[in-house]
Amino acid sequence: MKKYQILIRYGELSTKGRNRKLFIRKLKEHIVRVLRDLDGIGIRAERDRMFIQFEDETSMLAAKAQLPRVFGIQSFSPVVQVPKDIGGMKEEAIKLVASLKPEGKTFKTTVKRSDKSFPLETNELQREVGGFVLGHFSGLSVQMKKPDIDLHIEVRKEAAYMMAEIIPGAGGLPAGSNGKAVLMLSGGIDSPVAGHHMLRRGVELELIHFFSPPFTNERAKQKVLDLAEVLAASGTSLKLHIIPFTKLQQEVHRQVPDNVTMTSTRRMMLKIADRVRKETGAKAIVTGESLGQVASQTLESMEAINAVTATPVLRPLISMDKLEIISQANEIGTFDISIRPYEDCCTIFTPSNPKTKPRLEKVEYYESFLEAEGLIEEAVKNREVLEFPQKKDKKFTDLL
Ligand code: ATP
Ligand code: MG
């Protein structure tokens, strides 16, 4: 046993009987990936909680800063192991409470004593340590119901454990415990937020980005790489498929009338996304669409675009206002990347008057003049595939 540990509470996944093992395995995998830079950590997964052990306090504090990103964690607490001597416990209690800025806060001590040979009774230990802490911090007052600081002491056979902090986790389910989908990731504000929602719901993602050089440049591509890195910071691993889209986009603009190009381009994107999805074994396609936001996001447009596939298209942001989406993008750390001013392929080719109510028969008629099939195949075949997180570490596999 190491002195510094973190106790992790699972939350929702503990109610899922049969899949529990998969959930716990995925959660462990993600925690290990997020903490891959730390030396000498150990992880022990139990049925209803997990313990991470650290070499020293510094790595425990580093982990404490990373863990709130990992999906599937309800809450977690730093735990300190101390020898079973009352002086040592008091000293550690002071350190723990001091780290929580006790001035003006309420406080109690909760003791569990499973080692019955320990010389002090539960109540005595509670009074001893609690009284000592109260005497030490003049701004602290006792409150038995819902105090700000609840100092837990558990006396077990091998040692005593103390904790005073419960830190909320990201909730949700570990990505990969609920199947796989592909996310159509542009460089915009919406699609990374849509991806975050799916990851949080336990869906593993592969990312698809349409790239149209020379109309879109390397910096536009870099945005997408940076967005992928942020999504991977929750501990999941992601593949990004970069699809060369220029030829197909140009063919659409040659063959179909201006006000239908937007609908038709989207249909080509969805067809390609569906091929990649099939190859990767994913079950659904995710987009960042939100109803009525732009011409391609009316119900009529969605109907005409969606007609190219029977695969479920999931739109987690469909009912959200732009301001809500922006606020979430800020929270998850994608907003500043998304607003970098490099245009993506759609912005550049957007006609001035796209149809907001395209008719499917008309779109299909115009598309009959397209030489699309060969170009779609070529685009799928020539895609570039990158893996995230990009920084790998051999310690990662050793720990699993
Ligand atoms: P976003 O902020 O995600 O770019 P948006 O408001 O700009 O969305 P659109 O441009 O209509 O809306 O795109 C709708 C959805 O289509 C996007 O959320 C994304 O899922 C997908 N999409 C658009 N452009 C691309 C692209 N270049 N590569 C991959 N997916 C794309
Ligand atoms: Mg966009």
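Cβ separations smaller than 9 Å between residues 6+ apart or across chains give the following pairs from region 302-323 residues that are over 21 Å from Arg201 (Cβ atoms) to residues that are open to solvent by 40 Å² or more (accessible area, probe 1.4 Å) and polar (S, T, N, Q): Lys322/Gln293. Of all residues being among the β-branched types (Val, Ile, Thr) and in a helix (DSSP H, G or I) in region 273-302, which is farthest from ligand 2 (Cβ to nearest atom)? Just the residue, please. The extreme case among them is Thr280.
Residue-by-condition table, conditions (1) among the hydroxyl-bearing types (Ser, Thr, Tyr); (2) more than 10 Å from ligand 1 (Cβ to nearest atom); (3) assigned by TED's automatic domain parsing to the domain that holds Gly195; (4) out of contact with any helix residue (DSSP H, G or I) (no Cβ under 7 Å at 6 or more places or on another chain):
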position: Ile272; (1), (2), (3), (4): no, no, yes, no
position: Thr287; (1), (2), (3), (4): yes, no, yes, no
position: Val294; (1), (2), (3), (4): no, no, yes, yes
position: Thr298; (1), (2), (3), (4): yes, yes, yes, yes
position: Ala307; (1), (2), (3), (4): no, yes, yes, no
position: Met320; (1), (2), (3), (4): no, yes, yes, yes
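For first residues located in region 352-376 and touching a residue at least 12 places away in the same chain (Cβ under 8 Å), partners that are open to solvent by 80 Å² or more (accessible area, probe 1.4 Å) and in a helix (DSSP H, G or I) and lie 6+ apart or on another chain with Cβ distances below 6 Å form the pairs Leu375/Lys247.
Within the set Lys90, Lys84, the sole residue that is within 41 Å of the chain's Cα centre (by Cα) and part of a loop (DSSP other than H, G, I, E, B) turns out to be Lys84. None of Gly292, Gly281 is without any contact (Cβ under 8 Å) to a residue 60 or more places away in the chain and surrounded by fewer than 19 Cβ atoms within 10 Å (Cβ to Cβ) except Gly292.
Within region 137-186, can you find the residues that are within 16 Å of ligand 2 (Cβ to nearest atom), open to solvent by less than 10 Å² (accessible area, probe 1.4 Å) and not in a strand (DSSP E or B)? Talk me through it step by step, then tell me what you get.
Residues of region 137-186 within 16 Å of ligand 2 (Cβ to nearest atom): 183-186.
Okay, now just the ones that are also open to solvent by less than 10 Å² (accessible area, probe 1.4 Å), so 183, 185.
Of everything in region 137-186, just one residue is within 16 Å of ligand 2 (Cβ to nearest atom), open to solvent by less than 10 Å² (accessible area, probe 1.4 Å) and not in a strand (DSSP E or B), namely Leu185.
Scan region 31-62 for residues that are more than 21 Å from the chain's Cα centre (by Cα), surrounded by 15 or more Cβ atoms within 10 Å (Cβ to Cβ) and assigned to a loop (DSSP other than H, G, I, E, B) and the total you get is 2. The one condition from (1) part of a strand (DSSP E or B); (2) in contact with a Leu (Cβ under 8 Å, 6 or more places away or on another chain); (3) among the aliphatic types (A, V, I, L, M); (4) buried (at least 21 other Cβ atoms within 10 Å of the Cβ) that Ile243 does not meet is (2). Residue count for region 109-132 under the criterion of being crowded, with 19+ Cβ neighbours inside 10 Å and either among the aliphatic types (A, V, I, L, M) or not in a helix (DSSP H, G or I) (or both): the result is 5.
The values are calculated or read from the model by the stated rules, or taken from the named source; none is laboratory data. None of these values were measured; they are calculated from a predicted model. Cβ coordinates were reconstructed from backbone atoms using ideal geometry, including for glycine residues, and neighbour counts include every protein chain displayed. Keep in mind that these areas ignore ligands, DNA and RNA; they rest on the heavy atoms of the full protein, side chains included. Shrake-Rupley method; radii C 1.70, N 1.55, O 1.52, S 1.80 Å.
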